[in-house]
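Heads up: the structure comes next, in structure tokens.
The values are calculated or read from the model by the stated rules, or taken from the named source; none is laboratory data. For clarity, every value in this text was computed on a predicted model and none was experimentally measured. All Cβ positions, even for glycine, are placed from backbone atoms using ideal geometry, and neighbour counts span all protein chains on display. These area figures cover heavy atoms from the full protein model, side chains too; ligands, DNA and RNA do not enter into them. Shrake-Rupley method; radii C 1.70, N 1.55, O 1.52, S 1.80 Å.
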Amino acid sequence: MNLSDSKKKLALAGILCGLVAACLAYFGNPANMAFCIACFIRDTAGAMGLHSAEAVQYARPEIIGLVLGSFIISVITKEYRAMAGSSPMIRFVLGMILAIGSLVFLGCPLRMIIRMSAGDLNAWVALIGFLLGVGTGVIVLKKGFSLGRAHAVNRMNGTVLPVLMLGILILALATTLLKSSQSGPGSMHAPVVISLIGGLAFGAFAQKSRMCFAGSVRDVILMKNFDLLTIIGSFFAVMLIYLNYSPLCGQSSLKPHSYCN
């Protein structure tokens, strides 16, 4: 099923992803984080000993599920292709800047939307910066900047990351080699099975709907196309209801860093 060929399907994808995030918050993830790509990668890196901040160390099954879910659905629907691009060092540095910028504002664009729905003014300030950043990128693109065309490579190249994610999952479940926070955000998490299922579902929905926060703003500026914003809007609506009006939010946690009342 293609979720990107109509606004109704895109809205459905946003609702489903919002429900996944709400469920994860209900079952133990910090409500103002729920599902944050940058934060969860940071936590997973900490679990592997790549940083020493003890409060944010936990191998997040959501990230593992996100990668595996998108990979599996692409294989099942015969969309899987292994692609590589040019300018690897520029891409690496840009990715590093993006990750640092995300964590400066305490989360990726996905968490920004979640925090906006909870009424966090810092997130609304971050939105202004996000829009200005995408707008700047569009200007640069119009001036002719390009990292080069992506090209197909051996299909085995695309299996490296899913295999690494499986390896981390095995280490997390079968050994005590990975670190796990005893306090702070890293100690707040839904049960492993629920987190993994949530990540798989989110990854599949995101893959089929072509969810992209920066891409949605780019499409509006370049092509006056508001289709991808439909996903963001429906996701925002679900989290707005959950974090502000749902009685389930009060039951999910009274933990620090939660916006539940």
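In terms of the Cα gyration tensor, with a ≥ b ≥ c the square roots of its eigenvalues, is the range 1-93 rounded because a/c is under 1.5, prolate because a/b exceeds b/c, or oblate? Note, shape of the range 1-93 comes out oblate.
Solvent-accessible surface of the range 1-79, averaged per residue with a 1.4 angstrom probe and all protein chains in place: 40 square angstrom. Computed extension length for K224-D5: 77.2 nm, one decimal, from 0.36 nm per residue of separation with the Cα-Cα distance subtracted.
A 1.4 Å probe run over the protein chains yields, for the range 87-194, 64 Å² of accessible area per residue, whole-number rounding. Note on M48 and V192: with the Förster distance fixed at 25 Å, the Cβ-Cβ geometry gives a FRET efficiency of about 0.90.
Cα-based radius of gyration for the chain, normalised by 2.2 N^0.38 Å, reads 1.00.
When only the Cβ of Lys, Arg, Asp and Glu is charged (+1, +1, -1, -1), the dipole of the chain relative to its Cα centre reaches about 680 debye. Given the pairs K9/K224; K7/K78; K9/K78; K78/K224; K7/K142; K8/K142, which span a C-alpha to C-alpha distance of over 25 angstrom in this model? In this structure, K78/K224; K7/K142; K8/K142 lie more than 25 Å apart at Cα. Taking the centroid of alpha carbons for each part, the range 114-145 and the range 71-113 are 16 Å apart.
Taking the 1.4 Å solvent-accessible surface of the chain as the whole, the part contributed by carbon and sulfur is 70%.
When peptides 78-85, 221-228, 36-43 are sorted by average Cβ neighbour count within 10 Å, with the highest value leading, the order is 36-43, 221-228, 78-85.
A crude spin-label estimate for the pair A84 and N122, with each label 7 Å from Cα along the Cβ direction, gives 4.0 nm. Heavy-atom accessible surface of S187, to the nearest 10 Å², is about 40 Å², with a 1.4 Å probe and all protein chains retained.
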